[in-house]
Amino acid sequence: MKWVMFIIIIVMISSVLSNQDKIIKELQDKKFDNKKNRDNNLTLESYLNKKVNIEIDNDDINNSYIFSSIYNTTGEIVDYDNEWIEFRYKDKSKNKIINKFFRIRDIVSINEIK
C-alpha cells in the first residue's frame, strides 16, 4: 500500500514539473506583453510617420541583418497595433520602397532621425 501511494505521488510531481515550464512561460509572456504594450503604444504613437531607424532581434525574419545597428536602415512607421508594426523603407539595392511587418516584441530599439 505504501508503494502504491509513493508511485502516485511521484507521478503527480512529474506531471506538475512537466507543465511548470509551460505555465511560467505563458505568464511571463502575458506580463511582458501587457507591460510593453502600455509603454510602447505611447512611444509608437510619437514615432508614427516620422523618419526612424529600427533595430530588430529575430533571426527568423528574412534579411533581418538589414535592421541591425550596423546598417541603420532608415524608414517610417506607417501603422501599428498591439502586436505588429508596419515599417516602410527604401531598399537601395533594388531602388524600391518596401513595406514590412514586424512584431513589436522583436524590436530592440527605435531611434528618431532629425
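The values are calculated or read from the model by the stated rules, or taken from the named source; none is laboratory data. Just so we're clear, the structure is a prediction, and the values are computed from it rather than from any experiment. Virtual Cβ from ideal backbone geometry, glycine too; neighbours counted across all protein chains shown. Quick note on the areas: whole protein, heavy atoms, side chains included, nothing else; ligands and nucleic acids left out. Shrake-Rupley method; radii C 1.70, N 1.55, O 1.52, S 1.80 Å.
Considering Ile104, Ile85, Ile61, which residue is touching a residue at least 60 places away in the same chain (Cβ under 8 Å) and surrounded by 14 or more Cβ atoms within 10 Å (Cβ to Cβ)?
Working: Ile85 fails: touching a residue at least 60 places away in the same chain (Cβ under 8 Å); Ile61 fails: touching a residue at least 60 places away in the same chain (Cβ under 8 Å).
Result of the check over Ile104, Ile85, Ile61: Ile104.
Does Val52 satisfy the criteria of being open to solvent by 30 Å² or more (accessible area, probe 1.4 Å), part of a strand (DSSP E or B) and among the β-branched types (Val, Ile, Thr)?
So Val52 does not fit the description; no.
Would you tally the residues in the range 88-98 being open to solvent by 80 Å² or more (accessible area, probe 1.4 Å) and not basic (Lys, Arg)?
Selection size over the range 88-98: 3.
Suppose the filter is surrounded by 10 or more Cβ atoms within 10 Å (Cβ to Cβ), at pLDDT 80 or above and closer than 13 Å to Ile104 by Cα; does Ile8 pass it? Steps first, please.
On the way: surrounded by 10 or more Cβ atoms within 10 Å (Cβ to Cβ): yes; at pLDDT 80 or above: yes; closer than 13 Å to Ile104 by Cα: no.
The answer is no for Ile8.
Out of everything in the range 62-106 that is in a strand (DSSP E or B) and basic (Lys, Arg), what residue ends up being nearest to Thr43 (Cα to Cα)? First the steps, then the outcome.
In the first step, residues of the range 62-106 are kept if they are in a strand (DSSP E or B); the result is 74-80, 84-91, 96-103.
Within this subset, residues satisfying the condition of being basic (Lys, Arg) are 88, 90, 96, 100, 103.
Working: Arg88: 18, Lys90: 23, Lys96: 28, Lys100: 19, Arg103: 15 Å.
The selected residue is Arg103.
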